[in-house]
Amino acid sequence: MKLIKSVTVSSTNLTDPKQSDSGDSALIHVGISACLAGIEVRYNGGHSQSKFCLNTLSEYFNFKTFCPEVAAGFSVPRPTMRLVGDPNNPRLTYSDNDTADLTQQLNDAIHPQLAKFDHLDGYVLMKNSPSCGYERVKVYQANGHPHTTRRQGIFTEQLQKKYPLLPIEEDGRLNDPSLRENFILRVYAHHNFRHEVLAHLSLHNLIKFHSRYKYTLMAHHQVLYKALGKMLANTGDASIEDVSNRYFKLFMQALAKPASVRNQTNTLLHILGYLKKSVSSESRKNMASVIHKYSQHKMPLITPLTLLSHYIEQHGSKYIREQRYFNPYPEALGLRNRV
């Protein structure tokens, strides 16, 4: 097991710089809870290293560690902490002493760090943590029992308020193939938008970006796919800054959930239509049959996609060959083998 070491826990680049094989020269910077990177910062002096992050994603992501509890000055090891009181505005306290209000101390450490995360394209968080939990963090009542209402950790809430479009996921949820694929797709999409559109802001670059993501959008959210197309066709007198901001918000919203099998099937069939005049009827029927088997959950997405990609590369137009739908992230990750 490779441990990612860091001199400071608050903000350190961890992995060796590597160029991704998705064609992007810029690094993919992703934040991660320090304990998931193998750094011993947990309450018990240990860590919760993520095999997937350390053994796989570290080949593609330049991780930046942060532990809000250590940044706040809490010792390692330390007493366990939990959230208490109103789920909408809880207090952070020690599990064995709920009279100690640690909320302000944590917030004072979080706020100066948030501005340093503006170059990130994603964040992986530790589950169940009162500071870093992404969802379903318990908030305890005065009687010692948790509320039925669960919430995010204090740091996660502040992170999402500061960067509402940033792809965020919890380590445990990355064990789900669909959630894993969707998170990494969003990380690369977020990265590509920042570097291809925001770094060289123009309507031309925005339209070019949208054109390349056409079928990715179709597979995820057909309503927003159409809305984004209409937005770019009718910009009116709006500034490019306003248009790009509105586009980016809807774009990331469209990708927020894994694409359904139904939408993927529809997208594959649309792409197959580009081969109507260049590929024999028999070959197209064979591809349609494979797509149909995928729609019946008899094979993974990678099977019809690989077959379709083969013919598109040989007979497709430049426009269809450049669709990010075929390579939204490095193929070596094997994410479409299980969805």
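The values are calculated or read from the model by the stated rules, or taken from the named source; none is laboratory data. The structure displayed is predicted, hence computed values, not measured ones. FYI the Cβ positions are ideal-geometry reconstructions off the backbone, even for glycines, and counts take in every protein chain you see. Accessible surface areas use protein heavy atoms only, side chains included; no ligands, DNA or RNA. Shrake-Rupley method; radii C 1.70, N 1.55, O 1.52, S 1.80 Å.
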Check: Within segment 146-163, is even one residue open to solvent by 50 Å² or more (accessible area, probe 1.4 Å), touching a Pro at 6+ places or on another chain (Cβ under 8 Å) and not β-branched (Val, Ile, Thr)?
Finding: yes
Looking across segment 259-286 at residues that are of a type in the set (Gly, Ala, Ser), closer than 23 Å to Thr216 by Cα and outside any helix (DSSP H, G or I), the single one that is most open to solvent (accessible area, probe 1.4 Å) is Ser260
For segment 316-339, the count of residues that are open to solvent by less than 80 Å² (accessible area, probe 1.4 Å) and either free of Cβ contacts under 8 Å to residues at least 60 places away in the same chain or not in a helix (DSSP H, G or I) (or both) equals 14
Selection from segment 206-250 of residues more than 24 Å from Gln264 (Cα to Cα), among the hydroxyl-bearing types (Ser, Thr, Tyr) and in contact with a helix residue (DSSP H, G or I) (Cβ under 6 Å, 6 or more places away or on another chain) yields Thr235, Ser244
For segment 1-56 the number of residues that are on the phi > 0 side of the Ramachandran plot, modelled with pLDDT of 95 or more and surrounded by fewer than 20 Cβ atoms within 10 Å (Cβ to Cβ) is 1
For segment 102-116, pairs from a residue that is in a helix (DSSP H, G or I) to a residue that is open to solvent by less than 80 Å² (accessible area, probe 1.4 Å) and of a type in the set (Val, Ile, Thr), with Cβ under 6 Å and 6 or more apart or across chains, are Leu106/Ile154
Taking segment 166-205 and keeping residues among the charged types (D, E, K, R) and either touching a helix residue (DSSP H, G or I) at 6+ places or on another chain (Cβ under 7 Å) or touching a residue at least 12 places away in the same chain (Cβ under 8 Å) (or both) leaves Glu169, Glu170, Asp171, Arg173, Arg180, Glu181, Arg186, Arg194, Glu196
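Give the residue, chosen from Thr103, Thr99, Thr93, that is open to solvent by less than 10 Å² (accessible area, probe 1.4 Å) and more than 30 Å from Arg180 (Cβ to Cβ). Break it down stepwise before answering.
Numbers: Thr103 fails: open to solvent by less than 10 Å² (accessible area, probe 1.4 Å); Thr99 fails: open to solvent by less than 10 Å² (accessible area, probe 1.4 Å).
The conditions single out Thr93.
Assess whether Lys208 counts as being open to solvent by 10 Å² or more (accessible area, probe 1.4 Å), assigned to a helix (DSSP H, G or I) and over 24 Å from Ala332 (Cβ atoms). Give the derivation first.
Values: open to solvent by 10 Å² or more (accessible area, probe 1.4 Å): yes; assigned to a helix (DSSP H, G or I): yes; over 24 Å from Ala332 (Cβ atoms): yes.
Judged against the criteria, Lys208 is a match.
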Sole miss for Gly316 among (1) of a type in the set (Gly, Ala, Ser); (2) modelled with pLDDT of 95 or more; (3) closer than 16 Å to Tyr215 by Cβ is condition (2)
